Amino acid sequence: MRTSITSVFDDVWQRTQHRLAGLTDHEYLWEPAPDGWTLRPDAQGRWCMDGEGGGGPAPDPVPISTIAWRMGHIGLMFIDFGTRLFHGRNITLDDVEFFGTAAAGTEFLENAYRVHWREPLGRMADERWWEPAGTPFFAFADRPATDIVLHVLDEFAHHAAELGVLRDLYPHLVA
C-alpha cells in the first residue's frame, strides 16, 4: 500500500511542477477577484497568509485565492501535517516563512513537499501506517496514520488542481 500511495503523491507532485513551470511574479500575486486571499508583507516585511492560512472555518462565500496563497496553503499543509505525523508536535503560522516571489514560493513548496512530507513518508515504518495518528491530531488522534496520509493526498490533489485552473484563467483575464 505504501508504494501505491507514495506513487500517487509523486504523480500529483509531477503534475504540479509541470503546471507551475514559467510562473511569473505578477501571476503568482495576481488577484483574480476582489477581497480574495493572498500573501501580503506585514509592517516588518514578513510575508503573511490571509485567512490564517485557511486552517479554520472558511467564510461564506469562500474568498478566491491567489496562486501565492494556494501554494502557501499547500506548503503549510505539508509542513503542518508532516510535523504532526513524523515529529509528534504542532506548529503555528509564525513557524512558517512565506515568500513574495514566484521563484521563492516555488522553492518553498518544493522544500515543504520533499523535506517535510514526502521523504519522511517514504521512510515511515509499515506498522506506523496503522497506528493511531497521535495527540497532535486532536479529535483525529485515534484514527490510523493512513487516514491522515489520505487526507493530505486529497487536499494536495484538489488544491494543486486549483493552481492549474488559476494558471489557465490568468492569460485570459489579464491584459
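The values are calculated or read from the model by the stated rules, or taken from the named source; none is laboratory data. On a predicted model such as this, the values are computed, not experimentally measured, just so you know. Reconstructed Cβ throughout: ideal geometry from the backbone, glycine too, with neighbour counts over all protein chains shown. Only protein heavy atoms, including side chains, enter the accessible area calculation; ligands, DNA and RNA are left aside. Shrake-Rupley method; radii C 1.70, N 1.55, O 1.52, S 1.80 Å.
Quick notes on this one:
- Rounded to the nearest 500, the 222 nm mean residue ellipticity of the chain from helices alone is -16500 deg cm²/dmol, with -39,500 (n - 2.57) taken per DSSP H run of at least 4 residues.
- The equivalent ellipsoid that matches the C-alpha gyration tensor of region 50-118 spans semi-axes of 20, 16, 9 angstrom, in descending order.
- Comparing the chain with the 2.2 N^0.38 Å rule of thumb, its C-alpha radius of gyration ratio is 1.05 (two decimals).
- P(r) histogram, all alpha-carbon pairs of region 1-89 included - 10 Å bins from 0, percent: 14, 37, 35, 13, 1
- Column: log10 I(q)/I(0), Debye, Cα scatterers of region 88-153, q = 0.20 Å⁻¹: -0.93
- Each of Leu150, Leu173 has its accessible area taken with a 1.4 Å probe; listed largest first, they run Leu173, Leu150.
- Förster radius 30 Å - calculated FRET efficiency between Glu119 and Ala21, Cβ distance, rounded to 0.05: 0.85
- Just checking the listed ones, Pro41, Pro120, Pro32: in the Gaussian network model of the chain with Cα springs under 10 Å, the one fluctuating most is Pro41.
- Electrostatic tally near Ser65: other residues with Cβ closer than 12 Å to its Cβ, Lys and Arg +1, Asp and Glu -1, net -3.
- Each other residue within a Cβ distance under 12 Å of Arg114 adds +1 if Lys or Arg and -1 if Asp or Glu, for a net charge of -3.
- Net charge contributed by nearby residues that have their C-beta within less than 15 Å of Phe137 (K/R +1, D/E -1): -1
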